[in-house]
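Let me begin by presenting the structure, written as structure tokens, before commenting on it.
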Ligand SMILES: Nc1ncnc2c1ncn2[C@@H]1O[C@H](COP(=O)(O)OP(=O)(O)O)[C@@H](O)[C@H]1O
Ligand SMILES: [Mg+2]
């Protein structure tokens, strides 16, 4: 423990230098933690917005409007595929909502409330009323409700173009997360669209599937294409190619920023330690003359970097959390933006890298120390 | 031979490879436990070179050196450092104290390096050393805050901390005034007599040399005189 004690004294002897380098490490790690969490949360939020409440893989007939047959075989295959978290057969019906002079086009998504919940999370997103989707009931989006002053308990007259208009009771209003969806999408039970579309019991507009890992969609979609010839299997990753490309180049640039920040931190510690080694060359020579082994004199510099690395990293993580909290508070106040979630895995990596970098920068002074001949120091007073 | 504390046989030292400087040639002598020896000679005669070899700070180009029976060439760097820590105490012309540590900690340092536990007995040893050196009450001070004479006494205390068998002093009073110089030598003598510590003191001061028991004189790297001084003890008292 003597090397640790000496390291501590060396650091305390020049507090300004020590605090500066700790601050340098802290800034580097704080930037790491903040940018890493920011980018990850931003991407998470974008991906969530894109696919959080929409299917990852959709099976439909290649021709618009034509039904896909949800055969026993298909049911077995879908249910038996690993990574599938929800299978939701839906029937989609385009209707016009007449409100006095306005005729508003709406897409009704029809299905069992329990099933639709798996993808659209209706009960979670209901801001008013309930989303039970019983016969004769409808759930609409917030924007439509606001625009036409609709509230639960109101009736809506819908025209599908075939047959007589139907009147449905609004039971709930949901916020689907995007104003386009909130204006144009509504949910009903399974029977109304089926009757209007003239589908058989095993015919649907689409079979929507969600996966536990959305980014694992491509191989599954490819496999299903082989198993269901004549069925159009759409993969969200193909449909959102541009977004994903943008995300991955964003990740790349954030990695580059982080690498440069780490390099700057490493150079900072390394140069400070090198300076310290030069400043303390006399002390090291004396300690060697008194019989301290090379390994122990080297350990002094390792300890110095450990002390600075650990405290700088700890301070950096705290500052990073502070920045995240400040950013979240600031954007929450302005109403724009999204919450940043601190990424524990990412922070763990930053901490490990911060300390590792500090240790690596002790290599040069440690080596020089081993080479130092105590006679040089003693004779030059 | 076997019971000599220090035994040098044909010691030689050549510095440099391209331009070789011979600093020491064929130096042989033995020193027994408890001797109080001066090494004298002109500047550049090889005194420091010899002391560095005896102190295991450097390795000889020729010859052998036995310290308490251990042949120095048989030791690796680590072994030399360990033996240095256990067997030898150094006092240099400059005090070479560590400014980051207190007087007490500076004195304790060789013991801390040896890795021993700091218990009450060790605390008492530091106290005793401080008292013997006339540094009572200064233990908590920073080493930098002392006078030149006090600093050199702290350095002596540090050299004595591990109760070494041999103290090697290279012009230990070169930076001190007459009063402090006399204090340092009478301190050496007291320790030599009370603890039986062997002293090898490099000096070019004839008065001081004449107060020792034995004088080794170097000239151009060779040992030209090795005389015992029968009256030395009488002069100091
Ligand atoms: N590290 C060294 N490299 C080259 N020559 C040295 C070195 N140290 C001492 N010398 C030379 O060795 C000789 C003896 O030096 P030294 O032992 O320091 O003498 P002293 O201590 O008696 O004044 C001198 O000629 C000196 O220049
Ligand atoms: Mg000299």
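Bear in mind that the values in this text are calculations on the coordinates, not laboratory data. Note that the coordinates shown come from a computational prediction; the quantities given were computed from them, not determined experimentally. Cβ placement follows ideal geometry from the backbone for every residue including glycine, while neighbour counts extend to all protein chains displayed.
Details
- Per-residue average of Cβ from other chains inside 10 Å of B:88-96: 4
- Separation in nanometres of the label points that stand 7 Å from Cα toward Cβ, at residue B:118 and residue A:179: 7.1 nm
- Cα gyration tensor, the stretch A:118-214 - rounded (a/c under 1.5), prolate or oblate: oblate
- Crossing angle, helix B:120-132 versus chain B [Cα axis fit, 0-90 degrees, rounded to tens]: 80 degrees
- Sorted peptide list for B:29-37, A:296-304, B:43-51, criterion being average Cβ within 10 angstrom, highest first: A:296-304, B:43-51, B:29-37
- Fewest-first ranking of A:224, A:8, using other Cβ atoms within 10 Å as the exposure measure: A:8, A:224
- Cβ-Cβ FRET estimate between residue A:164 and residue A:121, R0 fixed at 25 Å, reported to 0.05: 0.15
- Shape call, the protein assembly as shown: gyration tensor on alpha carbons, a/c limit 1.5: prolate
- Packing-based ranking of A:316-329, A:50-63 yields A:50-63, A:316-329, ordered from highest to lowest mean Cβ neighbour count within 10 Å.
- Between residue A:279 and residue A:332, the FRET efficiency from the beta-carbon distance, with R0 = 56 Å, is close to 0.70.
- A simple spin-label model places the labels of residue A:99 and residue B:226 11.6 nm from each other, with each point 7 Å out along Cα-to-Cβ.
- For the segment B:57-64, counting C-beta atoms of other chains within 10 Å of every residue's C-beta and taking the mean gives 1.
- Given R0 = 22 Å, the distance between the Cβ atoms of residue A:148 and residue A:107 translates into a calculated FRET efficiency of 0.85.
- By definition, a body whose alpha carbon gyration tensor gives a ≥ b ≥ c is prolate when a/c is 1.5 or more and a/b is larger than b/c, and the stretch A:62-230 fits this prolate description.
- Computed label-point distance, nm, for sites residue B:78 and residue A:134 using a 7 Å Cα→Cβ extension: 8.4 nm
- Mean separation of Cα contacts under 8 Å, 6 or more apart, over the residue count of chain B: relative contact order %: 28 percent
- Structural descriptor for chain A: relative contact order 28 percent, calculated from alpha carbon pairs under 8 angstrom and at least 6 residues apart.
- Of all DSSP beta bridges confined to the protein assembly as shown, the antiparallel ones make up roughly 70%.
- Between the helical axis of A:2-13 and the longest alpha-carbon principal axis of chain A there is an angle of about 90 degrees.
- In the protein assembly as shown, the DSSP-assigned H stretches of four residues or longer account for a calculated mean residue ellipticity at 222 nm of -16000 deg cm²/dmol, using -39500 (n - 2.57) per stretch and the full residue count as denominator.
- Looking at chain B alone, DSSP beta bridges between its own residues are antiparallel in about 55 percent of cases.
- Taking the stretch A:229-381 and dividing mean pair separation by its residue count, relative contact order in percent (alpha carbons under 8 Å, at least six apart): 39 percent
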